[in-house]
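This report refers to the structure that appears directly beneath it.
The values are calculated or read from the model by the stated rules, or taken from the named source; none is laboratory data. Treat the numbers as computed from the prediction; the structure is a model and nothing was measured. SASA here: full protein model, heavy atoms, side chains in, ligands and nucleic acids out. Shrake-Rupley method; radii C 1.70, N 1.55, O 1.52, S 1.80 Å.
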Amino acid sequence: MVDLCKYRADINKIGNLFCYMAQKPKKITPKLIEILEAQASSEIEFARKYKENRVAKWHISEAMVYGKKNSLEDVRANAGIANAKAQGFVSTLLSKIDAPPNIKYRHAKNADMKPARRLNMMYMQEMAHEKENLQMKDLLGKKQAIIYGRAIYEYHASSDGGQYRSVLSNVSVYDFLIDPSAGGFDIERAFFLGRGGVWKTKEQLDDGVEAGRYSKSKVKTLTGSTDTDDENYVAGSDDGNNDAQKSEEEKAKEQARVFIMGTESKIHMQGSKYLFWEWYTTYKGQRYYMLFNEGARIAVRVEFMEDVFKSGLYPFWTWATDPDLAEFWTLSPLDQMRDIFMVQGASIDQLLDNAEQRNKPMKGVVGDAVKNLNSLRYGRDKTVRFKKGTDLRTALKVFETPQLDTPLLVYDKLENIGGLSSGVTAGTQGDSEEEKVGIYEGNMQQVADRMGLLNKNYADGYYRFGKLFYNGVKEHLTRKYALEVVGHDGVELEEITKKDIKGFANYGIDISASDAELQANMTDMKNKVAFLQGAKGSQTINQKVRGGMEAEIVGFTQDEIRRLMDTNEFGDAELLSEASRDIERLLKGDPDLKPNMNANNAYKTRIVDYMTDQREHLTEEVWLRFVQYVIDLEPFVIENTIRKANEMKARQGMLALAMAQEGNTQGGQGAPMM
């Protein structure tokens, strides 16, 4: 059962929430389902109503970002400067935080060093471009946060068929609702939340019934279908009243699409499609998961929360650009700049109107002094015909418009105000006029500080993501998982198993700095490198460690540092590549494998290290195969080691002889007197 009181200490600080415990029901009864359906419907409506004001503001921002021009009756010009400013602001800010931070699991005990290392490799592998593509999903989430103030993601793991899989998805702010009393610090304080926009076809619902996931009676009530075994049954023939199903969230998203595509719906409504909420609610201290159709008020699936996610945690992680303890839906960076951009746009439109009025001024004509009024409009080599005897000094008057400078001054002033408040300055956009390096670096440091604050906000979201990922591995890693490790010869294979994760509970999570935070720490990095370079050759400093620290600061990986500093035979990458190749052949039981005649200590150490690391995962048969191979290697290792030592000794002797001969030659010629 989910312990809602584990947050008691934090909840008591705000004093507007309560917690209680109750006995978990033995099973989910039809009566309980009816109660939960009514409760979910009420919660969705309440949370939606609470969010209405923010949604209205979102539409104003969307119109600017997606280039909608409003018709302005009182001015002629409509250059769309406000839209261009908003688009440039979003792109510039996004470019400063475009690199996702990295999650690193930290072991608390030495015994957990290996599980932590393997879990880190598994995370990197699962989030790679070929799988969950975290980099792009992180970028899309950050763009949503800049426009709307929130980035929301859903994460869970699965093990269908025993195959581990991560599932990471972006959640639209339109599709997400949450208990307003939860505030903006920890979503676990919410008594209800969920995501909408989940479409299911009639065929998918029928498959779910057959698999035992969905209630047969509920699906039948929702779709109005008969037994699928009936020969007269046609899957998808029922239209499902698709238009009536559209939720308020779908309608809000359609309004946003008008700005981009000029059309509302992107859902092709052929056949039967049904709209659901993945809704999480709390009843008498117990959390439940529901797949809920709001229109029909029917839940086709209801589960105890811990039967879906053993940890009992909501499968969402989120972060705000401007977090607030008491409010979830806070302002976005674009919200804070939107009015400034609008005034700047109006200022430029006023300048254009002023130029138009000065270039094409209004004119007054006495009576019928001009035969054709259209001839008063500007035209090259044009002739205006006046009535004979007309006094031009009194018959025609030009209403001149004075030149305006104020709009441009207002624009520049607002540009400075906006840059200082948001951190998006001319310098960050690549248009700085600062020539002195000291001034430029100082201003960039100030900008980096602001970006670093933004980084800290989304790093907090990544911390929760790290917890969800660990919980997913702990629950769904049922088979060995192959890890691709970059080693001496490129990609090598290693494994992580349930045994590695079992008992690895006392872990820490470190969120590494992304680009903006690294920029903020640039001065600190320079100072460290300067200190290490100043300690070069010092007898009180370990020079090998000093060199390694220098390499780490400038960005080399630990594997690259190890190879860089390896000056003996262990640096023989080609031979170590052969060792990795022979390890794979040993694992497969290749009968043609013979001891490598070129083997040296590095080669043997490579194989012995693998045996030590993988001892708990190797069968007795495979282990003995490795042991025998190492025994068979020994004569070749000894022979090659002696041969290499003799070669080195010979080279040293030849070098000494050459130096002696060179000295004799110079002495014979006569050294100059000093």
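The Rg/Rh ratio for the range 59-182, using Cα coordinates for both the radius of gyration and the Kirkwood hydrodynamic radius, is 1.15. Going by accessible surface with a 1.4 Å probe and the largest first, Glu356, Glu248 read Glu248, Glu356.
In the full protein context, the range 47-170 carries 46 Å² of accessible surface per residue, based on a 1.4 Å probe and ignoring ligands, DNA and RNA. Residues in the range 143-152 carry Karplus couplings, in order, of 5, 4, 5, 5, 7, 10, x, 9, 10, 10 Hz; the curve used is 6.51 cos²θ - 1.76 cosθ + 1.60 with θ = phi - 60°, and Gly or Pro positions show x.
Shown in residue order for the range 206-217 are the 3J(HN,Hα) couplings computed by the Karplus curve 6.51 cos²θ - 1.76 cosθ + 1.60 at θ = phi - 60°: 5, 5, x, 5, 5, 7, x, 7, 10, 6, 4, 5 Hz (x for Gly and Pro). Each 10 Å bin from zero holds the following percent of Cα-Cα pairs in the range 588-646: 22, 49, 24, 5, 0. Residues whose amide H comes within less than 5 Å of that of Phe276, counting only those at least five positions distant or on another chain, are Gly197, Val198, Trp199, Lys200 (H built at 1.01 Å from N in the peptide plane).
Surface calculation, 1.4 Å probe, protein heavy atoms: Met124 sits at approximately 110 Å² accessible. Evaluated at q = 0.19, 0.20, 0.23 Å⁻¹, the base-10 log of the normalised Debye intensity for the range 122-231, with identical point scatterers placed on the Cα atoms, takes the values -1.12, -1.14, -1.22.
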